Amino acid sequence: MNTLSRRQALKSAGLLSAGFFLSTSLTRALAQTAAVAGPHKLPALPYSFSALEPHFDAKTMEIHHGKHHAAYVNNLNKALADYPDLQKLSPEELCKGLDKVPEKIRTAVRNNGGGHYNHSLFWQCLRKEGGNGPEGPLGEALGELFTDKEEGEKMFAEKALGVFGSGWIWISVTQDKKLMLETTPNQENPLMSGRQPLIGLDLWEHAYYLKYQNRRIDYVKAFVNLVNWEFAAERFEKITA
């Protein structure tokens, strides 16, 4: 009886310890994404978490937006806490003017300001039942960049697969109003090199691992079905006006 009681006691203690550990871990996880006071806010998604299925799954979208993007916003606010003048700048302005950001916080602003800007744009680049290529000025510009849709998708996929580790792939607009296919590491973006991003795809594993594991190519192919070309066309006309 004593042996049984001791085993039961040890089992109960183990369960309590596990419960405490899980509770503590959950509290820490929530704390990491709890809103930090500051000028930058996490934008709401323009659709539900499940709206992009089966291409992008609901759980990935929930974590990607509510945890990863939220963390960039929080960390950007923390980095700017002692710099009221920089707090007045938009994420785009911060990315364009990194040389004016004090060296002490420049890396944090590059990583987190870039992460905030990149994701805010990324959500707008997606839509349910997207993927139908644009006509008009953007369609003509894409025709100059790619011979046809098939070649464009192939070049886009090859360049995306060529990114080692984490980063982004972009179709951006150069200073002479031409389209350019390019990649950036980590959370950097074309703004930091004097270009305007038109559409971008997040190539960090957190964007696709739950559904696609290490099959980045399948994730890239899925993105083709979700591109919000209407948004991209309107953005292109504003950039090139």
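The values are calculated or read from the model by the stated rules, or taken from the named source; none is laboratory data. Note that the structure is predicted; figures quoted are calculated from it, not measured. Cβ sites come from the backbone with ideal geometry, for glycine too, and all protein chains shown count toward neighbours.
Descriptive notes on the structure:
- Pairs with Cβ under 8 Å, 6+ apart, first in segment 198-219 and under 18 Å from residue 126 (Cα atoms), second in a helix (DSSP H, G or I) and among the basic types (Lys, Arg): 198/235; 203/216; 208/216; 219/211
- Which listed residue, of 139, 143, 152, 130, is out of contact with any Gly (no Cβ under 7 Å at 6 or more places or on another chain) and surrounded by fewer than 16 Cβ atoms within 10 Å (Cβ to Cβ): 143
- Residue in segment 156-177 that is at pLDDT 95 or above, surrounded by 16 or more Cβ atoms within 10 Å (Cβ to Cβ) and over 26 Å from residue 92 (Cα atoms) present: yes
- Filtering segment 137-173 to residues that are of a type in the set (Phe, Trp, Tyr) and under 24 Å from residue 117 (Cβ atoms) leaves 156, 164, 168, 170.
- Counted residues, segment 33-56 - those being in contact with a helix residue (DSSP H, G or I) (Cβ under 6 Å, 6 or more places away or on another chain) and buried (at least 17 other Cβ atoms within 10 Å of the Cβ): 6
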